[in-house]
Amino acid sequence: MLKLAKYLKPFIFSLVLAIMLLFGQAFSELNLPNYMSNIVNVGIQQNGIKKAAPDAISLDGIKLMTTFMDDGEKELISENYIIVSSRDSNEAGKAYSSIYPKVDNEFYVKKDVDKNVSYNLDETFGAAAVKLVYVLQEMAQQNGTKDTLGLPTSKNIDLLNLYLAQPQLVMLFDSTDPNIYENLLLNDDNLKQTGIMFTRAFYNELGVDISKSQTNYILKIGLIMLTIALLGGIASILVSLLSSRIAAGVARNLRQAVFEKIESFSSNEFDNFSTASLITRCTNDVSQIQRLLMMGIRLICYAPIMAIGAIFMAVKKSASMSWIIALACIVLICLVIVILSIVMPKFRAIQKLVDQLNLVSRENLSGIMVVRSFVTQEYEKKRFELTNDDLTKTTLFVNRIMAFMMPMMMLIMNGVSLIIVWVGAKHIASSTMQVGDMMAFMQYAIQVIMSFLMISMIFILVPRAQVSATRIAEVLETKISILDPEEPKQFHLDKKGLVEFRHVYFRYNGAKEDALKDINFTAKPRETTAIIGSTGSGKSTIANLLLRFYDISQGQILVEGVEVQEVKQKDLRSKIGYVPQKGVLHSGTILSNIRYGNQEASDSEIRNVAAVAQAIEFIVEKPEGFHSTISQGGINVSGGQKQRLSIARALAKKPEILIFDDSFSALDYKTDIALRQALKEHTGDSTLIIVAQRVSTIMHAEQIIVLDKGEIVGSGTHRELLRTCPEYYEIASSQLSQEELA
């Protein structure tokens, strides 16, 4: 996978931007449960009151609360609260009257204080409230009743009774061992909640509209949550857009790189890869990489951020319940490891089966006429079904295993939620946790589990993409056996069109014997050199070596006085017009196929080479003439027409050397003769090399090379070879009459 990382380099800015947006999305997702907790805890349970220290309190209220404070705490209160009056006629007095309508005399108002002082005030009032509640409970026990003057079961504390009972409360407080309060004051949540309970009572005493404050608080937090959710949604959309563009761009560049690499392959490299495999690597395998990037950019970065952030936030909410998340993580990790150990080998098998399916499909479709002629459709169906069934079974096995993961994740998620509620309820009962905090903790636990689910999806994508990346890298890292020289030479102008084979030996990779042995001949301009021999004698191999599709094992091949290894492949092949055994046409038109060899060829030149190739007759008979459509592979023209169009394409190139590799086999005798005569007149100074099976095609050549088992067994004209070469005579006698042999 790392071998292909360089293809991400052009998109590094987009990748960094996507990661930054992912942090923003994760930040919004992680903060939403916290705000939800505030709505439940503060907005609902605390009526929107956030501070244990009230912003305003009556004189009796201050007197009651300071009763349970030490000297330092009383001093803190006196420093940060001032006495004001609602009877003042100034603006401040009018404001106090509107906010605290039940006050008709003086009361205390908290000064503007910084964060630290505000915290100390909250702690002080909370501690006083806890002590007061304890004293009330002690008083109720001494009186043998359950009445605690409205505490703490009622939201409406009876402050009047508390004020009346203050002397008794003071006496009981002073007689209580101070060490008892130390344990009561250890729980910060209890301090805050108890303090806020009294603050709510003090606000009611002053006539504060608590319902309005509560509504305003909930609306404010709700608006913040909507804003955060909107920003997170925008970040998510942008990340999806960027990841899609990055994935598509990398896939485009990979396909281009693979295609260009395949284009540079020599025949040696093509022998190591099947066509079906190369197609799969260029399409399906690249798609796997694209899919990984498209989802991986969002998941690989987002899932760890969410997992770490959610764990941190959950522990912050309740460290004592963090073992629940740890247990869930351990179970999830074990589940992912077990599943991956099962499916990873199957991912490799799937890609190989896709190769095999493509191979069977390609063979069947390209050879459909043979299949039908031998009535083997049923055999091919069974062959396809066998491969298809193997792929289907393997894919279904993987999908079933992966389908097992989701219900297991849901089971773990629901189990974790149940444990959190069970444990959290006990904490709430003991006042060590609030309901909103438990709900937030549950949300963070779910986020952790969902993060692991996303990570598991990554582990599903990565192994398959890893297999595809390895297969793509195999193509990209394949060493090309035929390379251009570092210092290429130029052709000799005085030897234009001259071809020389000097003691050439050649052996295919993996073969035990040479395919060609000591090949020596010269093909001269303005002459036709023919090569004939039995099947497998090496005729086409000579053409492939001349074009440098393979490199020779020993000897020299010279074109225009220079060895073919010493010139650029492009320069060498630009001098050669090649017509292969099997005519290959591209989808397009007749005109585009003929002009394929020379894009600068004029319409008159195209028409001329078509006439030489004996193709003009069937072209003009078509309704659209040269603009008639050619289907992929030329399946809408006959074999003879395909060969003639291939010949016209080679002629349009105007090469110095023309190679016809058994290119007249599909032509009738009359067309063959007419074509050879036209070629002789049209090619002029060009060197013609004709590889043929039919003696009639080459009998008028100036030089005929006879091959047998990779060796030259005869060389000369037709008449000379009939007398001197038994192998040639045997071939000729099997094709010509006695009169023609005479």
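Descriptive notes on the structure:
- Using the Cβ-Cβ distance between Glu106 and Ala229 with R0 set to 41 Å, the FRET efficiency works out to roughly 0.35.
- Dividing the summed helix terms, -39500 (n - 2.57) for each DSSP H run of n ≥ 4, by the number of residues in the chain produces a 222 nm estimate of -20500 deg cm²/dmol to the nearest 500.
- Extension gain, Tyr508 back to Val170 (0.36 nm per residue minus Cα-Cα distance, nm): 110.8 nm
- Each Lys or Arg adds one and each Asp or Glu takes one away; over the other residues whose Cβ falls under 12 Å from the Cβ of Pro463, this sums to +3.
- Dipole check for region 173-263: with +1 at the C-beta of Lys and Arg, -1 at the C-beta of Asp and Glu, and the Cα centre as origin, the magnitude is about 960 Debye.
- Along each principal axis, taking the top coordinate minus the bottom one, the Cα set of the chain gives 148, 54, 51 Å in descending order.
- Burial order of peptide ranges 510-516, 31-37 (average beta-carbon count within 10 Å, highest first): 31-37, 510-516
- Our estimate of slack between Ala674 and Cys334, defined as 0.36 nm per intervening residue step minus the Cα-Cα distance, is 114.6 nm.
- Normalised per residue, the accessible area of region 411-455 is 41 Å², obtained with a 1.4 Å probe and no contribution from ligands, DNA or RNA.
- Gyration tensor verdict on region 161-252 (Cα atoms; rounded if a/c is under 1.5, prolate if a/b is larger than b/c, oblate otherwise): oblate
- Backbone N under 19 Å from the Asp114 label point (7 Å along Cα→Cβ), restricted to region 69-84: 76-81
- By the rule of a C-alpha distance below 24 Å, with chain neighbours fewer than 8 residues away ignored, the lysines paired with Lys317 are Lys50, Lys51, Lys115, Lys192, Lys220, Lys426.
- Here region 1-112 has 57 percent of its accessible surface on carbon and sulfur atoms, given a 1.4 Å probe and all protein chains in place.
- With a cut-off of 9 Å between beta carbons, the residues surrounding Val499 carry a summed charge of -1, where Lys and Arg count +1 and Asp and Glu -1.
- A straight chain from Ser430 to Phe312 at 0.36 nm per residue would run longer than the Cα-Cα distance by 40.1 nm.
- Estimated FRET transfer efficiency (Ile368, Gln256; beta-carbon r; R0 30 Å; 0.05): 0.45
- When both bridge partners sit in the chain, DSSP labels roughly 60% of those beta bridges antiparallel.
- Degrees, to the nearest 10: 284-317 long Cα axis against longest axis of the chain: 10 degrees
- Across q = 0.17, 0.20 Å⁻¹, region 470-592 modelled as identical point scatterers on its alpha-carbon atoms has Debye log10 I(q)/I(0) values of -1.03, -1.26, in the order of the q list.
- With protein chains left intact and a 1.4 Å probe, residues in region 584-742 average 47 Å² of accessible area per residue.
- Here region 265-376 has 69 percent of its accessible surface on carbon and sulfur atoms, given a 1.4 Å probe and all protein chains in place.
- Probe 1.4 Å - accessible area at Trp323, Å² to nearest ten: 120 Å²
- Cα gyration tensor shape of region 318-427, rounded if a/c is under 1.5, else prolate or oblate by comparing a/b with b/c: prolate
- A 1.4 Å probe run over the protein chains yields, for region 1-70, 47 Å² of accessible area per residue, whole-number rounding.
- Region 456-532 versus region 594-629: alpha-carbon centroid distance in Å: 32 Å
- Taking the protein heavy atoms of region 384-521 in the context of the full set of protein chains, the accessible area attributed to carbon and sulfur is 62 percent at 1.4 Å.
- The GluC sites (Glu not before Pro) found in region 604-647 that occupy coil by DSSP, while having at most 16 further C-beta atoms within 10 Å, are Glu624.
- Within the shell defined by Cβ-Cβ distances under 14 Å, the residues around Lys346 carry a net charge of +4, with Lys and Arg each +1 and Asp and Glu each -1.
- Which listed pairs, of Lys570/Lys654; Lys489/Lys539; Lys495/Lys654; Lys575/Lys654; Lys524/Lys680; Lys517/Lys709, have C-alpha distances above 19 Å, in listed order: Lys489/Lys539
- Using a Förster distance of 56 Å, the FRET efficiency for Ile83-Asp389 (Cβ separation, nearest 0.05): 0.05
- Lysines whose Cα lies under 16 Å from that of Lys3, excluding same-chain neighbours fewer than 8 positions away: Lys261, Lys479
- Its alpha carbons give region 249-385 an Rg and a Dmax of 23.8, 79 Å.
The values are calculated or read from the model by the stated rules, or taken from the named source; none is laboratory data. Just so it is clear, the model here is predicted, and its values are computed rather than measured. As a convention, Cβ positions derive from the backbone with ideal geometry for all residues, glycine included, and neighbour counts pool all protein chains shown. We work out accessible area using only protein heavy atoms, side chains counted, and drop any ligands, DNA or RNA first. Shrake-Rupley method; radii C 1.70, N 1.55, O 1.52, S 1.80 Å.
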